[in-house]
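*Asks:* My questions all concern the structure below.
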Amino acid sequence: MSMTFPARIEVEALLDDHPRYKGSIHEDSVAQRMGYRSALLPGAFVYTYAARLAVSAWGMDWVERGAISTRFRRPVFNGDLLTIAAQSAEPDGSHRLTVTNQLGEEVVTGTLGAPAHETPQADLIFQPHRDTREAIDAARMRPGTRFNTSERVLTADDLAASRRAMAETHPVFLQNDVAHPGCLVRLTMDDVLRSFILPMPPIFTAVETRHYCAVRPGDRVSTSAVATEVFESGGKHYFVSDEYLVLDGDRLAARHRRTNLFQIDPAPTEARATN
């Protein structure tokens with residue numbers, strides 16, 4: 001039975017035990033030494049949780065043709081209890097989205113978009129990953145910078161592993177054996193972030209997504225991605241990347257327009273007073 005709006009669900013934020021998190025802020029012991037209550041969840045997890053309302057409302061139609069935008073306002077920690085809510089439709093047909101934690105803090109805002117038929121125009125350019133990555137910082141990142149990709153064929157095990165990692169159990173994905181939104185955003189994100197050596201582990205702060213078709217086992221996937229905007233705010237440097245997930249070299253599956261914090265300037269040192 002489909003969900004109607006306004007709607008809300010509760011989700012426990014849980015981090016998987018992948019070795020990639022060892023020694024990072026995504027490990028409880030490390031995060032607690034830094035003063036946090038527990039490990040920080042990667043943005044792809046929270047994005048996946050937020051999308052569950054859309055999947056419950058529109059099912060496979062949304063998986064194939066839906067839209068979502070999310071902006072991350074506060075960190076989400078391992079073990080947080082999240083309330084995900086969407087309001088009645090706005091005049092443009094979208095639904096305002098909010099995610100709050102157990103403390104009543106708003107951690108995500110955004111919108112859910114109903115399924116829509118679109119024929120996007122995209123300049124698809126594929127640059128293979130290189131053996132040696134080039135370092136790039138705020139002084140060198142420019143609009144028009146192209147990112148690299150590795151072509152791969154997805155398997156049923158790949159999709160199942162992604163579902164397990166993000167505790168995605170919605171019947172739509174299990175019954176139709178299709179990739180869930182967090183799996184898709186990670187595919188393009190991993191290609192973009194592997195393209196260069198960045199000044200710091202980047203933080204995923206916002207994403208706008210439009211789906212064009214479902215992704216299934218056996219699909220050959222690659223990424224065509226470009227930096228469309230580079231900006232600075234309060235000593236924090238960001239780039240916006242348009243990331244197209246492409247099937248079999250020419251069929252668009254999804255577009256992720258993602259905002260990435262990738263460099264933070266050192267805090268200015270106050271000059272010492274001298275007598």
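The values are calculated or read from the model by the stated rules, or taken from the named source; none is laboratory data. Nothing here was measured: the structure is a model prediction, and the numbers come from that model. A quick note on method: Cβ atoms are made from the backbone with ideal geometry, for glycine too, and the neighbour counts reach across all protein chains shown. These accessible areas exclude ligands, DNA and RNA; they are computed on the full protein's heavy atoms, side chains included. Shrake-Rupley method; radii C 1.70, N 1.55, O 1.52, S 1.80 Å.
*Asks:* Answer yes or no as to whether M200 is open to solvent by less than 20 Å² (accessible area, probe 1.4 Å) and in contact with a Phe, Trp or Tyr (Cβ under 8 Å, 6 or more places away or on another chain).
*Replies:* No, not satisfied.
*Asks:* Filtering the range 159-191 down to residues that are outside any helix (DSSP H, G or I) and open to solvent by 20 Å² or more (accessible area, probe 1.4 Å), which residue is farthest from V215 (Cα to Cα)?
*Replies:* From the range 159-191, those outside any helix (DSSP H, G or I) are 166-170, 177-180; that's our starting set.
Still in the running and open to solvent by 20 Å² or more (accessible area, probe 1.4 Å): 167, 169-170, 177.
Numbers: A167: 19, T169: 17, H170: 16, D177: 9 Å.
Step by step, filter the range 159-191, then rank; the result is A167.
Quick grid of which residues meet (1) part of a strand (DSSP E or B); (2) among the aromatic types (F, W, Y); (3) open to solvent by less than 50 Å² (accessible area, probe 1.4 Å); (4) at pLDDT 95 or above:
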| residue | (1), (2), (3), (4) |
| --- | --- |
| P91 | no, no, no, no |
| Q102 | no, no, no, yes |
| A116 | no, no, yes, no |
| F126 | no, yes, no, yes |
| A139 | no, no, no, yes |
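*Asks:* Given the conditions (1) in contact (Cβ under 8 Å) with a residue 60 or more places away in the chain; (2) within 21 Å of A44 (Cα to Cα), which single one is not true for Q102?
*Replies:* So Q102 meets the others, but not (1).
*Asks:* For a quick check of your reading: which strands (runs of 3 or more DSSP E) sit entirely within the range 209-265 and have at least 3 residues that are under 20 Å from A54 (Cβ atoms), in contact with a helix residue (DSSP H, G or I) (Cβ under 8 Å, 6 or more places away or on another chain) and open to solvent by less than 10 Å² (accessible area, probe 1.4 Å)? Let's see the steps before the verdict.
*Replies:* Values: elements: 220-233, 236-247, 251-264.
Counting at least 3 such residues, we get 251-264.
*Asks:* Give the range 23-40 a look and list any residue that's in a loop (DSSP other than H, G, I, E, B), in contact with a helix residue (DSSP H, G or I) (Cβ under 9 Å, 6 or more places away or on another chain), aliphatic (A, V, I, L, M) and open to solvent by 10 Å² or more (accessible area, probe 1.4 Å), or say none.
*Replies:* I25
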